[in-house]
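Q: Here it is, the structure, as structure tokens.
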Amino acid sequence: MTRGCIAFLSLLCGFAAASAGQPAGHAEASKPNVLVILADDLGYADVGFHGSREIPTPHIDRIAAEGVVFPQGYVSGAVCAPSRAGLITGRYQDRFGSSRNPTVNPNVPNGVPRSERMISELLKPAGYRTMAVGKWHMGTFPGLHPQDRGFDESFGLLEGGCDYFADNLTLNDFSEVTTDWGWYKIKLRRNGVPVSSTGYVTDLFSDAAADFIRRQTPDTPFFLYLAYNAPHGPLQATEAGLARFAHIEDPRRRTYAAMVAAMDDGIGRVLAALDETGAAQRTIVFFLSDNGGPIADNASNNAPLRGRKGDAWEGALRVPFALRWPGVVTPGTVYEHPIIALDICATVVAAAGPEARAALLPDKPLDGVDLAPFLTQATSVPPHDALYWRWFDDDRYAVRDSRHKLIVSRDGAGPRGLFDLSADIAERTDLLRAPSPSPEAEAEAEAEAERLTALAEAWMRDLVPPAYPPLSGRWRPGK
Ligand code: CA
């Protein structure tokens, strides 16, 4: 069966699965609510459902326990903005120039272009109420803000990071920045307007999300995009949070743990809002990180994966990833095939019905697939023949199929090799260089590398260069 057939089948099955899981009655009741919870720079090992005991994450674990865990859940970018651009559009971000973290200078076109449709823009025609909470990082340029992209409401930061103590956020906008990295002091925005806030930013985002849920009514479905900037730097936690982890000796790891725990506490309040309003049974909840942990920068832990945020190893690309979907996903499921954040959009569009699907642009096919038929075991084939990544500025790419991953650094400066992920999750043995057990095995590895190279080169033919300058702390007015 071709990938196109599977995608088509997925859409059909998605409707059936979504309908089967919902109570009969009001027409809108068949449209599930959608909650996407995104962590920022969270380590693969730093959630309870991946075995963390150092940092308890009971509420994130609840999503996993009541739904499905994806041990091979990927993102399409190794750093924040590209990953988010892929997630929110369901398309490889390299197709539309969002290949790098953008400058935050609002005088430069710098985000996801208007020629792409975001999940919010696809769900609005299906009657959804929408809100974006937290870190945007998909355009500070006028016209690229949440309120311009199908979100009825928004609260958070447009940039890539901010000080976690809201009292320190004193600048109205980028024009008031006078120091390097001064844009970390820009005020949060509510519905596009800078607002003075007080408190711990992670808490503010959790509370805004819970408040949005409490204001919804059962007759109108909602899409809530809750994109934390935690536990991205700067490493800042509350005194109460630090006290919970006084037993962790390393002060940086202690702070990181407190930041993750604050996010988990907040997710608990958001899930409680779903419970209290009766919305939980008709709400799809995704949880994932936008990229792997940057280890040295924020004291995260990607074990047993090799590498860190930004690079080409699994530690950059494979993330904690779970989905709760009452009526569709059997609680306690572990889904072993590789999936990718690009699948979120396709899954949601299929579940939301024909109006959302009709809003898709015919010349912008989704790269992700509807996961519902795979999770309901309507089909046992893997969702993807292959997954791809590109690092434009490093002239590097990676591709994986169900078993092997090929990393190619064309300038010769970075990692390169073929790895058998089914036996070597830590990517220790490059099959193209390691002593081969036999001439046949060596020839097989070479043939596999050639096959994956051909797939990646075909994929890259449709990609474009980055559409904007890179992120820099030194970008400031007049420079
Ligand atoms: Ca990130």
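The values are calculated or read from the model by the stated rules, or taken from the named source; none is laboratory data. As the structure is a computational prediction, the values presented were derived from the model and not from experiment. All Cβ positions, glycine included, derive from the backbone under ideal geometry; neighbour counts span all protein chains shown.
Q: Being surrounded by fewer than 19 Cβ atoms within 10 Å (Cβ to Cβ), of a type in the set (A, V, I, L, M) and more than 15 Å from the ligand (Cβ to nearest atom) is the filter here; which residues of the stretch 270-306 pass it?
A: ALA272, ALA303
Q: Would you please list the contacts, defined by Cβ atoms under 8 Å and residues six or more apart or on different chains, that run from a residue in the stretch 309-324 that is more than 9 Å from ALA78 (Cα to Cα) to a residue that is acidic (Asp, Glu) and within 13 Å of the ligand (Cβ to nearest atom)?
A: Going by the 8 Å Cβ cut-off, the qualifying pairs are VAL319/ASP290.
Q: On to the next question. Filter the stretch 327-363 for residues that are of a type outside the set (A, V, I, L, M) and within 20 Å of the chain's Cα centre (by Cα) and give the result.
A: Selection gives TYR335, GLU336, HIS337, PRO338, ASP343, CYS345, THR347.
Q: Let me ask something else about it. Grab the strands (runs of 3 or more DSSP E) fully contained in the stretch 343-429, keeping just those with 3 or more residues being hydrophobic (A, V, I, L, M, F, W, C).
A: Strands (runs of 3 or more DSSP E) meeting the threshold: 387-391, 404-409.
Q: What are the residues in the stretch 360-393 that are crowded, with 17+ Cβ neighbours inside 10 Å and of a type in the set (Asp, Glu), if any?
A: Passing the criteria: ASP367, ASP370.
Q: Here's something else I'd like to know. Taking the condition of being within 13 Å of the ligand (Cβ to nearest atom), of a type in the set (A, V, I, L, M) and in a loop (DSSP other than H, G, I, E, B), how many residues in the stretch 307-329 meet it?
A: 1
Q: Right, next: Take MET263 and decide whether it is within 15 Å of the ligand (Cβ to nearest atom) and under 28 Å from THR220 (Cα atoms).
A: Yes.
Q: Also, I was wondering about something else. When you go through LEU204, LEU157, LEU188 one by one, which is the residue that is closer than 29 Å to ILE119 by Cα, buried (at least 19 other Cβ atoms within 10 Å of the Cβ) and in contact with a His (Cβ under 9 Å, 6 or more places away or on another chain)?
A: It is LEU157.
Q: Can you go through GLU446, GLU457, GLU442 and tell me which one is modelled with pLDDT under 95, in a helix (DSSP H, G or I) and among the charged types (D, E, K, R)?
A: When all the criteria are applied, what remains is GLU442.
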